[in-house]
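Below is one structure, written out as C-alpha cells, with a few remarks after it.
The values are calculated or read from the model by the stated rules, or taken from the named source; none is laboratory data. The structure displayed is predicted, hence computed values, not measured ones. Using ideal geometry, Cβ is built from the backbone for each residue, glycine included, and neighbour counts are taken over all protein chains shown.
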C-alpha cells in the first residue's frame, strides 16, 4: 500500500527546519540545537489538521509571524527584521510539505 504524497508534516522534520532557519540566531550563538523546539511544536499544532494545499507560504507565514510575536514579544519593527528569515522558513515548509512537494532523492555521482 503506497503512502500519500506529499507526506503530512511531522514534528521531527519541523524541528529540523526551525533549527536550520535559526530565525533568532540562537543556534549560531551556540545555543542547543533544540532551542526552537517549542516554536516547532506550536507550529505543528497549528497546522497538523490542514490539508496539503493549505501548506503554502501564503497560509503558513501569518502563522509563523503570529507565533514569533507571541513567543518573542516582538513589536512590528522587530518582526519586520525577522520577516525574511520567517519567509524562508515558510518557503521550506511549503517545499517539503506543500502541494508541489517532490520526493527528495539522492543524486547519483
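Side notes on the structure shown:
- Selection of the range 29-85 for residues being within 13 Å of the chain's Cα centre (by Cα), assigned to a loop (DSSP other than H, G, I, E, B) and either at positive phi or buried (at least 17 other Cβ atoms within 10 Å of the Cβ) (or both) yields 36, 55, 56.
- For the range 3-20, a residue qualifies if it is surrounded by 15 or more Cβ atoms within 10 Å (Cβ to Cβ) and at pLDDT below 70, and exactly one does: 6.
- Here residue 23 meets each of (1) under 22 Å from residue 80 (Cβ atoms); (2) out of contact with any helix residue (DSSP H, G or I) (no Cβ under 7 Å at 6 or more places or on another chain); (3) surrounded by 14 or more Cβ atoms within 10 Å (Cβ to Cβ) with one exception, condition (2).
- Selection status of residue 48, at pLDDT below 95 and closer than 16 Å to residue 13 by Cα: yes
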